[in-house]
Amino acid sequence: MKEVYMNKEGIEARIHQWGNTRNPIIVCLHGLGSTSLSFIELGYLLKNEYHIISIDLPGHGKTPGFLKEEDYEMPNMTRWIDKVVSHITDNSFYILAHSWGADIALHYIAAYSSKVMKTMLLDGGYYIKTDLYDYRASKSEKIDSLQSEIDYYIRDFDEYCFDTLQEHIEVEKNNYNRWSYLLEEASRDLIRVEMGKYEYHAKGSTARGAIKSMYLYPPNSIYDNLPNSIYLLQSTLPESMSEIREILVDKFKSSTGSKVKRIDGATHMIHWDKPNQVVEEILCWFK
């Protein structure tokens, strides 16, 4: 694994890379609140076949956040990603993207389709905020509006604080279906130390910008502009989300013609729950 810090032409970013640079390239885009090390297990499992480039998105990991909230909107995010990738390679590449990163990936493909060979989405790119809010409101759930979701993430990010790193690790262990030393390394990457306290690496202001962007630029607004080279791996847990998940996946599939596969026993963090199965799908799709 190689850690690289980019600072060129006003673009600052931290990047993790695995594999030989002569191999086909996979660009990885993580979800909201994660870092480039979200793909650490996949990076090691795929390093003999691909050159994996995983980017800390703005306001995450060691990549500085945008100063203006509107800079997180999709048009600017796609331009930012294109500048980062263009500094690394002139070749076409594959995209592997999770959650928020999957939404960004779709907008990137719509704008720069000639640069992307194929795309795999990990439980993202089909969640439409307005549909989710309406569904949650009908079920009397708390996060049923844009503002309620923003408020939730601001509290979640800005109030996350521990006295020791081990306390954070124990919380992370309890949040997932499986654990490994590589997932622990990825979890350590989620922490920054401020005045002796172990706090979350991403700030509430970053979450607010990202959530607003997904709301203002929903994936279904560009479904008609997408190629038929997209493969979605869909979560199946928690079962309480099965109804709305299936509604939104059906919309995505019928509108884009994309390939979709349900991954049994997988939560939203598909690549953490089922890394070997995800790798099998990647090896079949990215060829």
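A few notes on this one:
- Here Leu248 passes the criteria (1) under 26 Å from Met74 (Cβ atoms); (2) crowded, with 18+ Cβ neighbours inside 10 Å; (3) touching a strand residue (DSSP E or B) at 6+ places or on another chain (Cβ under 9 Å) except the one numbered (3).
- Qualifying residues in the stretch 109-126 (those that are touching an Asp or Glu at 6+ places or on another chain (Cβ under 8 Å) and touching a residue at least 60 places away in the same chain (Cβ under 8 Å)) - the one surrounded by the fewest Cβ atoms within 10 Å (Cβ to Cβ): Met120
- Strands (runs of 3 or more DSSP E) (entirely within the stretch 1-76) containing at least 2 residues that are surrounded by 18 or more Cβ atoms within 10 Å (Cβ to Cβ): 11-18, 25-29, 51-55
- Listed by position, the helices (runs of 4 or more DSSP H) contained in the stretch 143-215 that have at least 3 residues being under 30 Å from Tyr126 (Cβ atoms) and without any contact (Cβ under 8 Å) to a residue 24 or more places away in the chain are 146-158, 165-175.
- Taken together, the residues in the stretch 122-171 that are under 30 Å from Lys261 (Cβ atoms) and of a type in the set (Lys, Arg) amount to 3.
- For the stretch 172-206, filtered to residues that are touching a Gly at 6+ places or on another chain (Cβ under 8 Å) and closer than 13 Å to Cys161 by Cα, the residue that is surrounded by the fewest Cβ atoms within 10 Å (Cβ to Cβ) is Lys203.
- Qualifying positions in the stretch 79-107 - over 14 Å from Leu216 (Cβ atoms), among the β-branched types (Val, Ile, Thr) and part of a helix (DSSP H, G or I): Ile81, Val84, Val85, Ile88
Readers should treat all values here as calculations from the given coordinates under stated rules, not as data from a laboratory. It should be emphasised that the depicted structure is a prediction, and the values quoted were computed from it without experimental measurement. Note that we place each Cβ from the backbone using ideal geometry, even for glycine, and neighbour counts take in every protein chain shown.
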